[in-house]
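Engineer: Please find one structure pasted underneath; my questions will follow.
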Amino acid sequence: MRHILAVLVENNPGVLTRVAGLFSRRGYNIDSLTVGRTESLNISRMTIVVEGDDLVLEQVTKQLHKLIDVIKINDITSEQYVDRELVLIKVGADPVIRGEILQIVDIFRARIVDIGRRTLIIECTGDEGKINAVIESLKPFGIKELVRTGKVAMLRGQKFTSISETKEDE
Amino acid sequence: MPLSGAEIIIKSLQEEGVEAIFGYPGGQILPFYDALYSSSLKHYLVRHEQGAAHAADGYARATGKPGVCVATSGPGATNLVTGIATAYMDSIPIIALTGQVPCELLGKDSFQEADITGITLPITKHNFLVNDVKDLARMIKEAFHIATTGRPGPVLIDIPKDVQVNKTKFRYPENVSLKGYKPTFEGNKGQISLAAKMIGQAKKPVIYAGGGVISSGASKELFRLAELTLSPVTTTLMGIGAFPETHPLSLGMLGMHGTRAANYAVSQSDLLIAVGARFDDRVTGKIAEFASHAKIIHIDIDPAEIGKNVRIDIPIVGDIKKVLAILNSKMEQHLAGDWQHKIAEWKEKHPLFYESNGSLKPQFIVEQIHDITKGKAIIVTEVGQNQMWAAQYYKYTKPRTFLSSGGLGTMGYGLPAAIGAKVGCPDSVVIDIAGDGSIQMNIQELATAVHYNIPVIVAILNNNFLGMVRQWQELFFDRRYSHTEITGPDFVKLAEAYGAVGMRVEKAKDVKPALKKAIEAKRPVLIDFTVEREENVFPMVPPGGAIHKMLGG
């Protein structure tokens, strides 16, 4: 089963290596890992999508906790959450077929962010299913280049993955 | 007055109560050695940086205090790696300080540059690269805190040369604040009550004690638990000394070369109380058949150890000393029954034994070492047959008297670790029980022992073989002794060349007199015991087998 972990880490040099190294040496499978700053200056947040049964997840979580730079881990899989990925797709787009592409972009509420002589760059955000669907729809036009972020995710409503004292959700 | 980074390191070490450090100078650690020159800190110059790491480790295991080793950048730092990994696998608190090229040369493949924080990432509990002298004191404080609390382990601090030279105001922090590091010391009360109840109902309990009992200083509490519940106690290699092996409830070591009594007891038990142990494959053998009739209580400070290898019925995360104290307070005195009789019967029927055939037996030598030291020496081992015989045939009664590389199995550990142990415990007799293979991996440290007159005794069980590997070849590879016959120098002459005392013993009757002479010499001594060449370590669980199905012994 796939799990989504929201992990708060100290924004120290090497913290990504520590986390990534842990996964590789213990043989855990990362589906995706994103990392970026948070509302606090010294704290970064990773969203890690990891494949494994409950036993594996328990070990992943415990081993992550052993890293001194890891502050907090939430497995949000079984909670209500919002998750998003972003994709940039460069498709072949001769003027004659642009209309068709624009329709697809419209349907997925994606955006065109660059127009070249023979290409378009399309930006789309959404959950994994939507991103997969937009990619599938654009394939027939010839995808020249594609880049997608991993997943970022956040709990809905009054639950938090943050270290602010008052709102902590354990 | 501002201090240089080098002076700050010295002051910080002194603030931490460090008395002895083991190291080797070099270009990028020169400012530190310059500051050391005028300080009162005692430094031991080893002959290879690996020796420094093992000496710090031996010091830590013997004293319970963190050991400190120092090396220069690049090759100095990489030479520490095996020693750091050894300490990591056995959860030993050591602090490794390494010089590094100046900050502006980092990442440029500079002379003697190695990414030592990168290299040691998987074998340290944590490590630091100090970029700014202002962070130095705090990082040293954090390093000692991390190394010695929770589940102990090695911490490395990499210090660029310019950071050692730059100056700042020195104030050693009183507290550390690490958001991501808060070990759990107090065990969950509810869980402890459940455990007490389960122990109360058990008919065939066994205590399985590991190195965590020793690092937690919980031997007394363990002893009390065993006596209250009349549970037999088996220890891992790392747990040796946590429970007196002379006690009627002692089963000795379990696992691959454990006693039959220990392995039978675990296999038939209805409750296994695992205390500070981690269900290593050398202990469990075939995991599906390990303690297969037993419920398992697991007490450990490291939550990641719980459920890692076997399913646990009652996990208790916390400091063993604290958890056992509470657990004991909930226990009533049990009475002896069938189980205790069964244990006594197994012990009676299946003692460790070897055949005496007139030749000099390695097991006999270990027994003689036990006799002459009255079981009070600190025994350090190398790795292989020597290590197993030292574990089996010496009866340990106190924690921190058996020092051995258990997890990593590092040949060459013994001599430098013995030096570290003797520095930490100058009043104890310290004996390195060695093989003729292992001793050659760090024999250069004899020079260190002689230089500082650290009177360690090296007892080589010399069979001109890499004995344990040869034993496996005999048993599992059709006696094809591929590259396991090994020659050594004339160890007696070698010892003398180093300035140590060298002796050779070939007959059983000469063993004790030689040991007596060695202990009285008050100088480093090496005794080369010529032993039966193809003696095997028994009993033995074949790799991957169930632990109650043992060969020999």
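All of the numbers you see were taken from the coordinates with simple rules; none came from a lab. Predicted model only: the values in this text are computed from it and were never measured. Cβ: placed from backbone, ideal geometry, glycine included. Neighbour counts: every protein chain shown.
Engineer: What does the charge dipole of region A:61-170 about its Cα centre add up to, to the nearest 20 debye, if the Cβ of each Lys and Arg holds +1 and the Cβ of each Asp and Glu holds -1?
Structural biologist: Dipole magnitude for region A:61-170 comes out near 380 debye.
Engineer: What residue among B:ILE379, B:GLY414, B:ALA449 has its Cα farthest toward the positive end of the dipole of region B:362-530, where the charges are +1 on Lys, Arg and -1 on Asp, Glu, each on the Cβ?
Structural biologist: B:ILE379
Engineer: Right, next: How large is the helix-only mean residue ellipticity at 222 nm for chain B, computed as the sum of -39500 (n - 2.57) over DSSP H runs with n ≥ 4, divided by its residue count, in deg cm²/dmol to the nearest 500?
Structural biologist: -10500 deg cm²/dmol
Engineer: Would you please give the FRET efficiency between A:GLU123 and B:GLU485, computed as 1/(1 + (r/R0)^6) with r the Cβ-Cβ distance and R0 = 60 Å, to the nearest 0.05?
Structural biologist: It comes out at approximately 0.30.
Engineer: How would you order B:43-52, B:468-477 from highest to lowest mean count of nearby Cβ atoms within 10 Å?
Structural biologist: By packing density, highest mean first, the sequence is B:43-52, B:468-477.
Engineer: Right, here's the next one. Taking the convex hull of the alpha carbon atoms in region A:77-170, what volume per residue do you get, in Å³?
Structural biologist: It is 109 Å³ per residue.
Engineer: In debye, nearest 20, what is the charge dipole magnitude of region B:267-321 about its Cα centre with +1 on Lys and Arg Cβ and -1 on Asp and Glu Cβ, if you could check?
Structural biologist: With only Lys, Arg, Asp and Glu charged at Cβ, the dipole is about 80 debye.
Engineer: Using θ = phi - 60° and the Karplus form 6.51 cos²θ - 1.76 cosθ + 1.60, what ³J(HN,Hα) does each residue of region B:366-376 get, whole Hz, x for Gly and Pro?
Structural biologist: So the Karplus estimates, Gly and Pro as x, are 4, 4, 5, 4, 4, 4, 6, 9, 6, x, 10 Hz.
Engineer: Specify the inter-centroid distance of region B:85-142 and region B:320-381, based on alpha-carbon positions, in whole Å.
Structural biologist: Between the Cα centre of region B:85-142 and that of region B:320-381, the gap is 41 Å.
Engineer: Take the Cα gyration tensor of region B:3-168, multiply each eigenvalue by 5, square-root it, and list the three semi-axes largest first, rounded to whole angstrom.
Structural biologist: The equivalent ellipsoid of region B:3-168 has semi-axes of 21, 17, 15 Å.
Engineer: Sticking with this structure for a sec: Got the relative contact order for chain B handy, in percent, Cα pairs under 8 Å and 6 or more residues apart?
Structural biologist: Taking the mean separation of contacting Cα pairs over the length of chain B, I get 14 percent.
Engineer: On to the next question. Which ³J(HN,Hα) values in Hz, rounded to whole numbers, follow from the phi angles of region A:129-143 under the Karplus curve 6.51 cos²θ - 1.76 cosθ + 1.60, where θ = phi - 60° and Gly and Pro get x?
Structural biologist: Couplings: x, 5, 4, 4, 5, 5, 5, 4, 5, 8, 3, x, 7, x, 7 Hz.
Engineer: Once amide H atoms are built 1.01 Å from N in the peptide plane, which residues 5 or more positions from A:LYS144, or in another chain, come under 5 Å H to H?
Structural biologist: Excluding prolines and chain starts, which carry no amide H, the hits are A:LYS90, A:VAL91, A:GLY92.
Engineer: Can you give the extra length, in nm with one decimal, that the chain gains between B:ASP313 and B:SER428 once fully stretched, where that is 0.36 nm per residue apart less the Cα-Cα distance?
Structural biologist: Extra length from B:ASP313 to B:SER428 when fully extended: 37.2 nm.
Engineer: Which whole-percent values make up P(r) of region B:165-232 when all C-alpha to C-alpha distances are grouped in 10 Å steps starting at zero?
Structural biologist: Result returned by the calculation: 14, 31, 24, 13, 9, 6, 1.
Engineer: Within a 10 angstrom radius of each residue's Cβ in A:128-140, how many Cβ atoms of other chains show up on average? Whole number is fine.
Structural biologist: The mean count of partner-chain Cβ atoms within 10 Å per residue comes to 0.
Engineer: Let me ask another. How long, wide and thick is region B:189-349, going by the Cα atoms along their three principal axes, in whole angstroms, largest first?
Structural biologist: Taking max minus min along each principal axis of the Cα atoms, region B:189-349 gives 40, 33, 27 Å.
Engineer: What is the spin-label model distance, in nm, from B:LYS108 to B:ASN453 if the labels are put 7 Å beyond Cα along the C-beta direction?
Structural biologist: It works out to 4.8 nm between the two label points.
Engineer: Taking loop as defined by DSSP and a crowding limit of 13 other beta carbons within 10 Å, which GluC sites (Glu not before Pro) in region A:21-96 fit?
Structural biologist: Here the sparse-neighbourhood loop sites are A:GLU39.
Engineer: Calculate how many DSSP beta bridges within chain B are antiparallel, expressed in % of all such bridges and rounded to the nearest 5.
Structural biologist: 5 percent
Engineer: On a C-alpha basis, how far is the centre of region A:34-70 from the centre of region A:99-132 in Å? Whole number, if you could?
Structural biologist: 32 Å
Engineer: Would you work out the relative contact order for region B:402-553, in percent, from Cα pairs under 8 angstrom that are 6 or more residues apart?
Structural biologist: Normalised by residue count, the contact order of region B:402-553 is 22 percent.
Engineer: What average number of partner chain Cβ atoms lie no more than 10 Å from the Cβ of the residues making up A:62-71?
Structural biologist: Mean shielding by partner chains, rounded to a whole number: 6.
Engineer: Sorting check: for B:406-415, B:508-517, which peptide has the highest mean count of neighbouring beta carbons within 10 Å, and how do the rest follow?
Structural biologist: B:406-415, B:508-517
Engineer: Given A:ALA110, A:GLY129, A:ILE97, which one lies farthest toward the positive end of the charge dipole of region A:82-152, if we put +1 on the Cβ of every Lys and Arg and -1 on the Cβ of every Asp and Glu?
Structural biologist: A:ILE97
Engineer: Quick query: amide H of A:THR119 versus all other amide H atoms, modeled in the peptide plane; which residues come in under 5 Å with a sequence gap of 5 or more or a different chain?
Structural biologist: Here A:ALA93 satisfy the definition.
Engineer: Across peptide B:296-303, what mean number of C-beta atoms from other chains lies inside 10 Å of a residue's C-beta?
Structural biologist: Averaged over the peptide's residues, the number is 1.
Engineer: Check which residues have an amide H placed less than 5 Å from B:TYR44's amide H, if you skip close sequence neighbours.
Structural biologist: Here B:ILE21, B:PHE22, B:GLY23 satisfy the definition.
Engineer: So, one more: Residue-wise, which Karplus ³J(HN,Hα) couplings in Hz belong to region B:266-272, taking 6.51 cos²θ - 1.76 cosθ + 1.60, θ = phi - 60°, and x for glycine or proline?
Structural biologist: Going residue by residue, I get 5, 5, 9, 5, 9, 8, 9 Hz, with x marking Gly and Pro.
Engineer: Find how much the distance from B:LYS330 to B:GLU174 grows on full extension, using 0.36 nm per residue of separation minus their present alpha carbon separation; answer in nm with one decimal.
Structural biologist: Full-extension gain reported as 52.5 nm.
Engineer: Of A:PRO13, A:ILE30, A:HIS65, which is farthest along the charge dipole of region A:2-79 in the positive direction, counting Lys and Arg as +1 and Asp and Glu as -1 at C-beta?
Structural biologist: Ranked along the dipole, the leading option is A:PRO13.
Engineer: With charges set only on the Cβ (+1 for Lys and Arg, -1 for Asp and Glu), what does the dipole of chain B come to about its Cα centre, in debye to the nearest 20?
Structural biologist: The calculated dipole for chain B is roughly 1260 debye.
Engineer: Run through region B:98-174 and list the GluC sites (Glu not before Pro) located in a DSSP loop whose Cβ has at most 13 other Cβ atoms within 10 Å.
Structural biologist: For GluC sites (Glu not before Pro) across region B:98-174 that sit outside H, G, I, E and B with at most 13 neighbouring Cβ atoms in 10 Å, the list reads B:GLU174.
Engineer: Further question on the same structure: In region B:362-530, what percentage of the DSSP-assigned beta bridges are antiparallel, given to the nearest 5?
Structural biologist: In region B:362-530, approximately 5 percent of DSSP beta bridges are antiparallel ones.
Engineer: Ignoring everything except DSSP H segments at least 4 long, calculate the 222 nm mean residue ellipticity for chain A; use -39,500 (n - 2.57) per segment, divide by total residues, nearest 500.
Structural biologist: -8000 deg cm²/dmol
Engineer: Now, a different point. Counting each pair of different Cα atoms once, what's the Kirkwood radius of the protein assembly as shown in Å, rounded to one decimal?
Structural biologist: Computed over Cα pairs of the protein assembly as shown, the Kirkwood hydrodynamic radius comes out at 28.2 Å.
Engineer: For A:SER137 and B:LYS65, FRET efficiency with R0 = 51 Å and r from the beta-carbon atoms, rounded to 0.05?
Structural biologist: 0.15
Engineer: Can you tell me the equivalent ellipsoid semi-axes for region A:2-79? Use √(5λ) from the Cα gyration tensor, largest first, whole Å.
Structural biologist: Semi-axes from the Cα gyration tensor: 19, 14, 11 Å.
Engineer: A further question on this structure: Calculated FRET efficiency, A:ARG111 and A:MET154, Cβ-Cβ r, R0 25 Å, to nearest 0.05?
Structural biologist: The value I calculate is 0.70.
Engineer: Can you tell me the order of B:431-438, B:155-162, A:8-15, A:112-119 when each peptide is scored by its average per-residue count of other Cβ atoms within 10 angstrom, highest first?
Structural biologist: B:431-438, B:155-162, A:8-15, A:112-119
Engineer: If you take every DSSP beta bridge fully contained in region B:3-168, what fraction is antiparallel? Give it as a percent rounded to 5.
Structural biologist: 10 percent
Engineer: Turning to a different aspect of this structure: Taking 0.36 nm per intervening residue step and subtracting the Cα-Cα distance, what contour gain separates A:SER40 from A:LEU16 on full extension?
Structural biologist: That pair, A:SER40 and A:LEU16, stretches by 6.9 nm at full extension.
Engineer: Let me ask something else about it. Which entries of B:LYS42/B:LYS179; B:LYS197/B:LYS321; B:LYS11/B:LYS179; A:LYS62/B:LYS108 show an alpha-carbon separation above 28 angstrom in the structure shown?
Structural biologist: B:LYS42/B:LYS179; A:LYS62/B:LYS108
Engineer: Turning to a different aspect of this structure: Under a point spin-label approximation (7 Å from Cα along Cα-to-Cβ), what is the B:PHE353-A:LEU86 distance to one decimal in nm?
Structural biologist: With each label placed 7 Å out from Cα toward Cβ, I get 7.7 nm.
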